[in-house]
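A quick write-up on the structure given underneath.
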Amino acid sequence: MPAALVAATVLTTAAAVWLSVRVYEQRQAEQRRQDILAAACRSALNFTSLDYRHYDRDSRNVLRGATGDFKEQFAAQTAELTELVARNKSVSEGQVLEAGIVRADERSARVQVVADSKVSNTAVPRGEARTYRLQLDLVLEDGHWLTSDVEFVG
């Protein structure tokens, strides 16, 4: 009788440990998914929300969530974009409508985002609505998901 009780205890303990590990892994995966989506939406919102009156701040927001080639390319164009945005008195108010993860692992992800933006400038002073479909590649650096590439997709 004691051997059967010991065996049952060992089996129950092993099952509880296995279930605990599975629940922990699922929670980790869900947290990673939420972190990826939040970072992608924030990046898309920053990318589609720009105002000539404080473009320095807006471009810093884009750069803060960027890394790699995307960060270098955007930073290299900032002076030119600042001048263009100021000359045209451009204002763009973005809004993320949907976002979905295409693929993700522990260190990288690809997310597609649909965003609307109301854009006004000297050519369109009353503004016009634009819809963007963006594909963002993200990488995990120092505990933060950063955008490494942005593409406009059909």
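Within the stretch 65-77, residues that are touching a residue at least 12 places away in the same chain (Cβ under 8 Å) have Cβ atoms under 7 Å from residues that are loosely packed, with under 13 Cβ neighbours inside 10 Å in these pairs: T67/E141, counting only partners at least 6 apart in sequence or on another chain. The C-beta contact set for the stretch 25-37 (first residue more than 12 Å from V111 (Cα to Cα), second residue not aromatic (F, W, Y), distance under 8 angstrom, 6+ apart or interchain) comprises R32/A104; R32/E106.
No lab work stands behind these numbers, since they all come straight from the coordinates. In this text the structure is predicted, and so the values were computed from the model without any measurement. Heads up, the Cβs are rebuilt from the backbone with ideal geometry, glycines too, and the neighbour counts pull from every protein chain shown.
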